[in-house]
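Colleague: First, the structure itself, so that you have it in front of you.
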Amino acid sequence: MCKLCETNPVYEFTNQRKLCQKCFIDYFQKKFLYTVRKFQMIKPREKVGYFDKEEKDFREVVLLEMLTLLSKKSNIQLVKLKSKVGPHFPDKKVDRVAVSSSIDTESRLVVKEIISGDSLKLKEYLPVKKKIIKPLYSFLDEEILLFAKLKDLKYYPKKQEPNKLNDFIDDFEKNHPEVKRAIINSLLKI
């Protein structure tokens, strides 16, 4: 049963705390807003760009849903971007660009860099890099996907290319829950 309202749970954390649909959506929204504040991703009156693709995956639709919620609560403006922004940030119409990166994507990239021995690139995987922000940085793909389903958001499933390192990390997470969070938390301490 949900710890807060005594109804059937839709999600269980590794500490066995359970949340129903309503409580999970509330948790997700609060955690999103907390992540944006904690890492000082967006300041009032900023213009935040996001990529507007025809076929959005679950991370992209959730990012747009949450940025829309944030724009209603805060004094920020959302701007649709048609193409990827390069490292020199040529798009002058926006102050920040939000990308749909999660704990899963970031932890895989961090481990890949550590294995390759290129620790100088680890700064690329912080939640804020110059004008690029990652508001879903604190969420697992599993949580993002559940949120998309609970909110009945329309997304296009993307096939993930087979990758031995990704499979290894995913299997390791199944046997040792929270390892992906531990990777990201370790990076944030550096």
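Colleague: Counting other beta carbons within 10 Å of each Cβ, put Ile169, Ile115, Ile133 in order, fewest first.
Modeller: Ile115, Ile169, Ile133
Colleague: Considering Cα pairs under 8 angstrom that are at least six residues apart, work out the relative contact order of the chain and quote it in whole percent. Before the final figure, lay out the partial values.
Modeller: Working: 239 pairs, mean separation 44.9, N = 190.
Here the relative contact order equals 24 percent.
Colleague: Still on this structure, please answer the following. Quick check: net charge around Met1, other residues with Cβ under 15 Å of its Cβ, Lys/Arg +1 and Asp/Glu -1?
Modeller: The answer is +2.
Colleague: Still on this structure, please answer the following. What are the ³J(HN,Hα) values, in whole Hz, obtained from phi via the Karplus relation 6.51 cos²θ - 1.76 cosθ + 1.60 with θ = phi - 60°, for each residue of the stretch 165-180 in sequence order, with x given for Gly and Pro?
Modeller: Computed from phi, the couplings for the stretch 165-180 are 5, 4, 4, 4, 5, 5, 5, 5, 5, 5, 7, 9, x, 5, 5, 5 Hz.
Colleague: Then there's this: Looking at (1) 11.8; (2) 12.9; (3) 10.4, which value of mean projected area of the Cα convex hull in nm² comes from a calculation on the structure shown?
Modeller: So the structure-derived entry is (1).
Colleague: Just add up the charged neighbours of Leu140: K/R +1, D/E -1, any other residue whose Cβ is under 9 Å from the Cβ of Leu140. Can you show the working numbers first?
Modeller: On the way: positive: Lys180, Arg181; negative: Asp104, Asp141, Glu142, Glu143, Glu173.
Residues close to Leu140 contribute a combined charge of -3.
Colleague: Within the stretch 126-159, find all residues whose amide N lies under 15 Å from a label point positioned 7 Å from the Cα of Cys5 along Cα-to-beta-carbon.
Modeller: It comes to 150-151, nothing else.
Colleague: Need the full-extension length gain, Asn75 to Ser186, defined as separation in residues times 0.36 nm minus the C-alpha distance. One decimal, nm. Mind showing how you got there, number by number?
Modeller: On the way: separation 111, 0.36 × 111 = 39.96 nm, distance 3.28 nm.
Computed gain between Asn75 and Ser186 is 36.7 nm.
All of the numbers you see were taken from the coordinates with simple rules; none came from a lab. Model, not experiment: these values are computed from the prediction. We place every Cβ from the backbone using ideal geometry, glycine too, and count neighbours over all the protein chains shown.
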